[in-house]
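Please read the structure below before turning to the comments.
The values are calculated or read from the model by the stated rules, or taken from the named source; none is laboratory data. Please read these numbers as outputs of a predicted model, since none were measured by experiment. We place every Cβ from the backbone using ideal geometry, glycine too, and count neighbours over all the protein chains shown. Accessible surface is based on the protein model in full, side chains and every heavy atom, while ligands, DNA and RNA are left aside. Shrake-Rupley method; radii C 1.70, N 1.55, O 1.52, S 1.80 Å.
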Amino acid sequence: EEEIDVELIRQVRLEEPLVPAARRWLGALPRMNASNNWAVAGDRTRSGRALVCGDPHLEVNRLPAIWQELVMRLPEQTLTGAGIPGVPGMVIGRTRHLAWSATYAFMDMLDYRIEHCRDGHYRRADGWKPFRMRQEEIRVKKGAPQTVTVYENEHGVLEGDPGPEGYRLVLGWSGRRGCGAGMFNGVLGLPHAATAPEALTLFRRLDAAAFPWVVGDTAGHIGYQMSGRCYDRPPGVSGLLPTPGWEPRYDPRGFIPMEDLPTQIDPAEGFIVTANQDLNHLGRARVINLPMGAYRAERIRQRLEGRRGLTAADMQAVHFDLYSLQAEAFLAQLKPLLPDTPHGRLLAAWDGTYTADSQGATLFEAVYRALVRVVFGDGGLGREVVDHILTETGLFNDYYANLDRILLAPDSAWFSGRAREDLLRQALTEGLAELPRPYGETRQVVLSHLLFGGKLPRFLGF
């Protein structure tokens with residue numbers, strides 16, 4: 001069981017980023033909101049060839065888009081798909097022989113350590129060691145260059161100034177060194193792979209990026225491979241909390257071998273589904289320490305199980321499926337408590353499908369948010385903190401299923417001694433008080449150009 005030094009963590013001083021003004025650019029970086037992909041083997045399709053589908057879910061509310069559609073014409077074949085800046089080839093796409101897609105793996109590639117700092121040094125058993133120091137010049141358009149000092153040691157890059165004595169965080173990334181050539185050669189090799197097994201060996205080489213890849217070939221074979229370089233942590237160290245850097249018993253023992261990462265080829269059920277869920281059972285090492293919930297993966301499985309003669313039209317229907325297993329689980333507890341009011345009857349009649357015109361979906365979301373505020377706000381964190389997490393961070397987006405296990409449990413320490421039914425009734429009272437607009441009206445976005453947004457009028461297309 002992992003040892004948690006809460007008092008030490010409380011003493012850690014959190015620092016501003018190296019370039020504080022860069023905070024406003026964080027919203028411009030692509031975020032992995034969620035994703036899913038699946039492959040159906042040839043013996044389940046009408047054509048006898050594999051069908052591969054992907055929903056990478058990188059944000060679309062940005063201009064220029066992070067995904068760039070590509071067509072690559074080579075002497076022997078043509079590739080179609082999409083790439084992202086900095087990758088020398090197709091990230092998702094298809095050739096004459098293969099189709100493949102990627103999702104996000106939630107592999108733990110980061111390692112925070114706590115360092116005791118003083119006068120530019122960090123503490124070790126045999127004394128104080130100096131941080132390595134380098135100067136980085138940042139050239140500013142229409143302004144003077146800015147110079148920042150970066151401090152690092154064997155664990156990674158320090159967040160803050162090691163001059164004043166105190167505890168600070170050092171961030172390590174498993175892909176920091178030794179990954180570039182594998183990524184480059186793996187991506188460039190995909191156009192020349194002819195079978196799913198060949199592609200899986202290439203995906204294993206993409207160790208700087210933690211993705212679950214699914215692939216299918218024209219012979220009907222399908223496969224799944226997770227990529228990424230995961231720290232091989234000592235027993236009892238989860239990586240979820242920062243550990244003392246001066247304690248060698250917390251040091252990773254290198255990296256998990258690629259051969260131990262989750263993988264699968266031609267499963268008996270005839271399909272493979274990933275949706276950011278826990279897939280550790282497909283490997284020999286536990287490389288996902290905090291996965292997303294399995295709601296979406298289970299819904300895709302429901303649509304595919306036991307079916308044969310599947311076509312592209314069937315896959316399109318799965319892509320456009322809007323039914324929520326999460327809502328189904330909560331409605332089973334909420335419906336017996338619904339009041340006989342107009343809003344209560346609207347939610348009672350909702351079928352769990354998030355169509356654009358659905359008022360029931362909007363009411364359910366309002367009740368769910370109210371339940372989160374009641375349980376985690378009133379039960380400990382405070383509503384102001386919960387509202388900040390909901391609106392300003394991706395924590396609930398990523399880890400909602402872990403919180404759902406508490407919300408759906410018969411009892412929990414978070415309930416503060418109150419009965420679950422009382423909490424649900426309070427959430428219903430608060431949530432059903434909101435205006436039940438059509439769900440689509442709550443999901444509208446304005447696309448703002450990363451470079452020209454606000455500088456040029458919208459009628460020019462920016």
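Points worth noting:
- Qualifying residue in the stretch 422-429 (condition: surrounded by 13 or more Cβ atoms within 10 Å (Cβ to Cβ) and basic (K, R)): yes
- Exactly one residue out of I265, I300 is under 27 Å from G186 (Cα atoms) and touching a strand residue (DSSP E or B) at 6+ places or on another chain (Cβ under 8 Å), and it is I265.
- Counting residues in the stretch 315-334 that are farther than 22 Å from R296 by Cα and open to solvent by 30 Å² or more (accessible area, probe 1.4 Å) gives zero.
- Selected residue (only one of L363, L337, L304 is touching an Asp or Glu at 6+ places or on another chain (Cβ under 9 Å), surrounded by fewer than 16 Cβ atoms within 10 Å (Cβ to Cβ) and not small (G, A, S)): L337
- Counting only strands (runs of 3 or more DSSP E) that sit completely within the stretch 124-221, those holding 2 or more residues that are farther than 30 Å from G89 by Cβ correspond to 127-130, 132-138, 146-153, 166-173.
- Scanning the stretch 273-282 for residues that are in contact with a helix residue (DSSP H, G or I) (Cβ under 6 Å, 6 or more places away or on another chain) and in contact (Cβ under 8 Å) with a residue 24 or more places away in the chain turns up V273, A275.
- Near pairs, Cβ below 7 angstrom, 6+ apart or cross-chain, from the stretch 40-60 (at pLDDT 90 or above and in a loop (DSSP other than H, G, I, E, B)) to any residue that is open to solvent by less than 30 Å² (accessible area, probe 1.4 Å) and among the acidic types (D, E): A50/D217
- For E137, the test of being over 27 Å from the mean Cα position of the chain (by Cα), modelled with pLDDT of 95 or more and either of a type in the set (S, T, Y) or more than 30 Å from G223 (Cβ to Cβ) (or both) is failed.
- Filtered residues of the stretch 366-410 (kept if open to solvent by less than 30 Å² (accessible area, probe 1.4 Å) and of a type in the set (G, A, S)): A366, A370, G377, G379, G382, A401, A409
- Residue identified as part of a strand (DSSP E or B), within 30 Å of G42 (Cα to Cα), among the aliphatic types (A, V, I, L, M) and modelled with pLDDT under 95 among A82, A99: A82
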